[in-house]
Amino acid sequence: MTTYSVIGTRVAGEGGQDKVSGQTLYPADIALPGMTWGKVLRSPLPHARILNIDTSRAERVPGVRAVITGADTAGMRVGRLIYDVPLLADGKVRFVGERVAAVAADDPEAAEEGLALIDVEYEELPTVFGSLEAMEPDAPLVHEEGSSYRSSSGPIVPQGNVGYQEGWSGGDLERGFRESDLVLEHTFTTPWVHQGYIEPFTCVVDIDEQGRIQVWANNKQPFGLRRQLSESMGIPAERIRVNPCGIGGDFGGKAGAMDAPLAYLLSQRSGRPVKMVMSYIEELMAGNPRHPSVITIRTGVKRDGALWARSTNVVFNAGAYAGFRGSPGLRGGRQAGGGPYVTPNFKIDLYMVYTNNVPCGSYRAPGEPQAVFAVESHTDMVAHELGMDPYEFRLRNLVHEGNVSGTGQTFKHVRAEETLRRAAEVSGWGSEKRGRHFGRGIALGQRPAAGATSVARVTVDADARVTLHTAVPDTGVGAHTVGRQVVAEDLGVPLERVSLHRWDTDAVPFDTGAGAATTRIAGNAAYGAAREARKELTRLAAEFYGWPEERIVFRSSRVFVEGDPEGGVGIEELAARAVSAMGAPISGDSTYSADQPAEVTSYCAQVADVEVDPETGQVTVHRIVTAHDVGTILNPLGHQGQIDGAVVQGLGYALMEELQAEEGRISTLSLGEAKMPTSMDIPDLVTELVEDEVESPEELGPYRGKGIGENPISPVAPAIANAVYDAVGVRITDLPVTAEKVLRGLEEF
């Protein structure tokens, strides 16, 4: 394997000192002269026609500068890819928490007083909350008959309450089931879960003296936000600038426009800047949580344990609108078809269903935790029915190089077997358990890297100070740190010589921003820009010193001809001469774009050791072993942090996290009620890295790094559920795995 100087070293996250010292500027910290506060009135009903809104009393409140309603925003709809979210309820409301009116006032108290004095008259309409019920022919329609919404791929026309449908298939499903020796069918359900970031959605909008719209928002995709503002209100994109600021957590949830369009309209109406900060009650009531799901899997197997046929029905509860999602469907839902297992005959049907619930959005590995919980629980159930060890059953059916997976995909550089075996070995799979009510469960997942576009520039000044310019926000995943490492490695300089400058949306035409492939896309852009800058420095070094251009090396802050490091010059000397000769800093630009997910995927196998109290049903997780198929690890500190964070989020999903709703009303309106793991809940976390004996394919991240941020989250819940079954024989098919559900299962024996 190649040895590097900066790549592979442990580096603390970019900006960590600024964050802990309070120097990082978040949108809530922005204070502009004359700034007002925006607040939103939300619907108390899940489905109702708005008969009348009277804002006259609110407008008379001292300090209130502007009041707007759906009459002011009629026809304006916003969305990431599907434009179906009205800025304010346009004629009717479709979920509890929908925005009905907005107020801007001199202070938050005056804005709240104004909201309290807005009178709204409603006519209640029939409701539907369950996704399966919403698919029935006689179900109340969430969106009117004949509704049509713009999307990035053409008009979206709901069929009843089904907003979107897609499917995949291969082989001959009916023949596959006929030829099977055993056919089993199971249904699994998963709940709403909020991303749990510390900082709620916040924005500040100002219209400057030139009539340009200045925006500060904790949005991970600034160009996407600019587009949403432009297209929802018919404003030329060049009139909008999204300015850099900090983001206090994301986990996939901060790409929607949220209150920014309203802040602009309130600023336009009041003539003043407007700040809007959602409370956590608003976040939990009307944010964009993970989609609930109902997944039914029917599988046919041979007597020898070979998977032979599988049909999968995936139904996601989209809530009232689709505009918060990053894709029309959830790509991760495809994993419910079989994921890393070979299934010759398969069919996957995926549905996105409108209901009168909170609209859902993206959350770490969108659609995948739901799908992997279903398929990995089902896999265990099939193995037990066959009388096979769940680990051996998985080995029997794993995808290998050249195979078509159960999702109809063919990947290169397949490391599924090595990863699964390593998890089993490290966990002591098959060894004696610690006691009667202890159990061990195993699960496997895989996630291909997504596609996106990123732009970067690297500049080198006369003092050989290097700057990486990027438009990508760092949402906490270490993207800026890794970008600096990539540049430092390529130019052969210490990391501390490389600084970072974040562009606003005026600086470059487009950048996808942060997302599922940040290291792959933004990292490759940084790598390309560094190479371009080095190429120019190489040309100049050859000119200055008469060296053969093709043999010039940059290493350890020196530039020299290969094989003669003592005969070279310091990077400072070359930079000074180069900048003097060119009359400007040396720079390199790069755009890296991957329209489709990579043909290489990363595998993750996990084993959970649990103990179940038979008197209470309480589940205690003692250890989680997580094995990962990795390429070059760019920053071991950040790499391990991503693994640990994802595993803990998976633990919360497995055991406790759930937004509960009663007739469409979210009743868990604090993080204390919605629950998240604390330090007291964390088991022993054991990480096993399955490193390549040969280098990973080049189409991955810079220096052949593989993504790590998302795939550790998905196998956790099924590994725990499988371990609970191993411990006490209770099979939980609806997350979370609570003590009440386990105890109820024990009592049914």
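Can you tell me which residue within the stretch 394-408, out of those that are small (Gly, Ala, Ser) and in contact with a Phe, Trp or Tyr (Cβ under 9 Å, 6 or more places away or on another chain), is nearest to THR419 (Cα to Cα)?
Restricting attention to the stretch 394-408, the residues satisfying the condition of being small (Gly, Ala, Ser) are 402, 405-406, 408.
Now narrow it down to the ones that are in contact with a Phe, Trp or Tyr (Cβ under 9 Å, 6 or more places away or on another chain): 405-406, 408.
On the way: SER405: 16, GLY406: 18, GLY408: 21 Å.
Going through the qualifying residues, I end up with SER405.
Does ARG272 count as in contact (Cβ under 8 Å) with a residue 24 or more places away in the chain, in contact with a His (Cβ under 9 Å, 6 or more places away or on another chain) and surrounded by fewer than 24 Cβ atoms within 10 Å (Cβ to Cβ)?
Numbers: in contact (Cβ under 8 Å) with a residue 24 or more places away in the chain: yes; in contact with a His (Cβ under 9 Å, 6 or more places away or on another chain): no; surrounded by fewer than 24 Cβ atoms within 10 Å (Cβ to Cβ): yes.
No; evaluated as a whole, the condition is false for this residue.
How about the stretch 555-607: which of its residues are buried (at least 20 other Cβ atoms within 10 Å of the Cβ), among the hydrophobic types (A, V, I, L, M, F, W, C) and within 43 Å of the chain's Cα centre (by Cα)?
Initially, the stretch 555-607 is screened for residues buried (at least 20 other Cβ atoms within 10 Å of the Cβ), giving 559-560, 568, 571, 574-575, 578, 586, 588, 592, 598, 600-607.
Filter again for among the hydrophobic types (A, V, I, L, M, F, W, C), leaving 559-560, 571, 574-575, 578, 586, 598, 600, 604-605, 607.
Matches in the stretch 555-607: VAL559, ILE571, LEU574, ALA575, ALA578, ILE586, ALA598, VAL600, CYS604, ALA605, VAL607.
Return the residues of the stretch 583-603 that are in a strand (DSSP E or B) and small (Gly, Ala, Ser); say none if nothing qualifies. If you could, list the steps in order and put the result at the bottom.
The first filter runs over the stretch 583-603 and keeps only residues in a strand (DSSP E or B), leaving 586-594, 600-603.
Residues satisfying the conditions are SER587, GLY588, SER590, SER593, ALA594, SER602.
Just one of GLY402, GLY476 is within 28 Å of the chain's Cα centre (by Cα), modelled with pLDDT under 95 and among the small types (Gly, Ala, Ser); which is it?
Working: GLY402 fails: within 28 Å of the chain's Cα centre (by Cα).
Answer to the check: GLY476.
So which residues in the stretch 584-615 are under 26 Å from PRO509 (Cα atoms) and modelled with pLDDT of 95 or more? Spell out the reasoning first.
So the first thing to find is which residues in the stretch 584-615 are under 26 Å from PRO509 (Cα atoms), and the list is 584-598.
Those that are under 26 Å from PRO509 (Cα atoms) and modelled with pLDDT of 95 or more: ALA584, PRO585, ILE586, SER587, GLY588, ASP589, SER590, THR591.
Given VAL686, VAL690, VAL730, which one is touching a residue at least 12 places away in the same chain (Cβ under 8 Å), more than 25 Å from GLY367 (Cα to Cα) and in a loop (DSSP other than H, G, I, E, B)? Let's see the steps before the verdict.
Working: VAL686 fails: in a loop (DSSP other than H, G, I, E, B); VAL690 fails: in a loop (DSSP other than H, G, I, E, B).
When all the criteria are applied, what remains is VAL730.
Go through the stretch 636-664 and give me each residue that's surrounded by 18 or more Cβ atoms within 10 Å (Cβ to Cβ) and charged (D, E, K, R).
GLU657, GLU658, listed by residue number.
So GLY445 passes all but one of these: (1) buried (at least 16 other Cβ atoms within 10 Å of the Cβ); (2) part of a helix (DSSP H, G or I). Which condition number does it fail?
If we test GLY445 against (1) buried (at least 16 other Cβ atoms within 10 Å of the Cβ); (2) part of a helix (DSSP H, G or I), just (2) comes out false.
Filter the stretch 6-32 down to the residues that are of a type in the set (S, T, N, Q) and in a loop (DSSP other than H, G, I, E, B) and list them by number. Even if it seems obvious, please write down each step before you answer.
Keep residues of the stretch 6-32 that are of a type in the set (S, T, N, Q), which gives 9, 17, 21, 23-24.
Residues satisfying the conditions are THR9, GLN23, THR24.
Do we find a residue being surrounded by fewer than 24 Cβ atoms within 10 Å (Cβ to Cβ), polar (S, T, N, Q), touching a strand residue (DSSP E or B) at 6+ places or on another chain (Cβ under 9 Å) and outside any loop (DSSP other than H, G, I, E, B) anywhere in the stretch 374-387?
Within the stretch 374-387, none of the residues are surrounded by fewer than 24 Cβ atoms within 10 Å (Cβ to Cβ), polar (S, T, N, Q), touching a strand residue (DSSP E or B) at 6+ places or on another chain (Cβ under 9 Å) and outside any loop (DSSP other than H, G, I, E, B).
For VAL61, indicate whether it is farther than 18 Å from ALA263 by Cα, in a helix (DSSP H, G or I) and among the β-branched types (Val, Ile, Thr). Reasoning before the result, please.
Values: farther than 18 Å from ALA263 by Cα: yes; in a helix (DSSP H, G or I): no; among the β-branched types (Val, Ile, Thr): yes.
Against the criterion (farther than 18 Å from ALA263 by Cα, in a helix (DSSP H, G or I) and among the β-branched types (Val, Ile, Thr)), VAL61 does not qualify.
Give me a count of the residues in the stretch 325-355 that are out of contact with any Leu (no Cβ under 9 Å at 6 or more places or on another chain) and either farther than 16 Å from ARG298 by Cα or outside any helix (DSSP H, G or I) (or both).
6
Determine, yes or no, whether GLY114 is at positive phi and either of a type outside the set (Phe, Trp, Tyr) or not in a loop (DSSP other than H, G, I, E, B) (or both).
On the way: at positive phi: no; either of a type outside the set (Phe, Trp, Tyr) or not in a loop (DSSP other than H, G, I, E, B) (or both): yes.
Taking the combined requirement at face value, the residue does not satisfy it.
Could you please give the count of residues in the stretch 81-111 that are free of Cβ contacts under 8 Å to residues at least 60 places away in the same chain and on the phi > 0 side of the Ramachandran plot?
Of the residues in the stretch 81-111, 1 are free of Cβ contacts under 8 Å to residues at least 60 places away in the same chain and on the phi > 0 side of the Ramachandran plot.
Kindly evaluate LEU87 against the criterion of being closer than 19 Å to SER56 by Cα and touching a helix residue (DSSP H, G or I) at 6+ places or on another chain (Cβ under 9 Å).
On the way: closer than 19 Å to SER56 by Cα: no; touching a helix residue (DSSP H, G or I) at 6+ places or on another chain (Cβ under 9 Å): yes.
Answer is no for this residue.
For (1) touching a Leu at 6+ places or on another chain (Cβ under 7 Å); (2) more than 19 Å from PRO140 (Cβ to Cβ); (3) assigned by TED's automatic domain parsing to the domain that holds LEU45, each residue gets a yes or a no:
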site: ILE68; (1), (2), (3): yes, yes, yes
site: ALA71; (1), (2), (3): no, yes, yes
site: GLY79; (1), (2), (3): no, yes, yes
site: GLU98; (1), (2), (3): no, no, yes
site: ALA111; (1), (2), (3): no, yes, yes
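Where residues in the stretch 231-248 are touching a Ser or Thr at 6+ places or on another chain (Cβ under 9 Å) and among the hydrophobic types (A, V, I, L, M, F, W, C), which of them is surrounded by the most Cβ atoms within 10 Å (Cβ to Cβ)?
The residue in question is VAL242.
Would you confirm whether any residue within the stretch 112-130 is in contact with a Phe, Trp or Tyr (Cβ under 7 Å, 6 or more places away or on another chain) and either acidic (Asp, Glu) or in contact (Cβ under 8 Å) with a residue 12 or more places away in the chain (or both)?
At the first step, the residues of the stretch 112-130 found to be in contact with a Phe, Trp or Tyr (Cβ under 7 Å, 6 or more places away or on another chain) are none.
No, the stretch 112-130 has no match at all.
Quick one: which strands (runs of 3 or more DSSP E) sit completely within the stretch 138-230 and have at least 2 residues that are surrounded by fewer than 17 Cβ atoms within 10 Å (Cβ to Cβ), touching an Asp or Glu at 6+ places or on another chain (Cβ under 7 Å) and at pLDDT 95 or above?
Of the strands (runs of 3 or more DSSP E) lying wholly inside the stretch 138-230, those with at least 2 residues that are surrounded by fewer than 17 Cβ atoms within 10 Å (Cβ to Cβ), touching an Asp or Glu at 6+ places or on another chain (Cβ under 7 Å) and at pLDDT 95 or above span 182-190.
Of all residues in the stretch 33-58, how many are among the hydroxyl-bearing types (Ser, Thr, Tyr) and not in a loop (DSSP other than H, G, I, E, B)?
Applying the first criterion (among the hydroxyl-bearing types (Ser, Thr, Tyr)) to the stretch 33-58 yields 36, 43, 55-56.
Okay, now just the ones that are also not in a loop (DSSP other than H, G, I, E, B), so 36, 56.
Total meeting the criteria: 2.
Can you tell me which residues in the stretch 469-519 are out of contact with any helix residue (DSSP H, G or I) (no Cβ under 8 Å at 6 or more places or on another chain) and part of a helix (DSSP H, G or I)?
Matches in the stretch 469-519: HIS480, GLU496.
Take ALA12 and tell me if it is on the phi < 0 side of the Ramachandran plot and crowded, with 21+ Cβ neighbours inside 10 Å. Explain how you work it out, then say what you get.
On the way: on the phi < 0 side of the Ramachandran plot: yes; crowded, with 21+ Cβ neighbours inside 10 Å: no.
No.
The values are calculated or read from the model by the stated rules, or taken from the named source; none is laboratory data. Because the structure is predicted, anything quoted here is derived from the model rather than measured. Note that each Cβ is placed from the backbone with ideal geometry, even for glycine, and that neighbours are counted across all protein chains shown.
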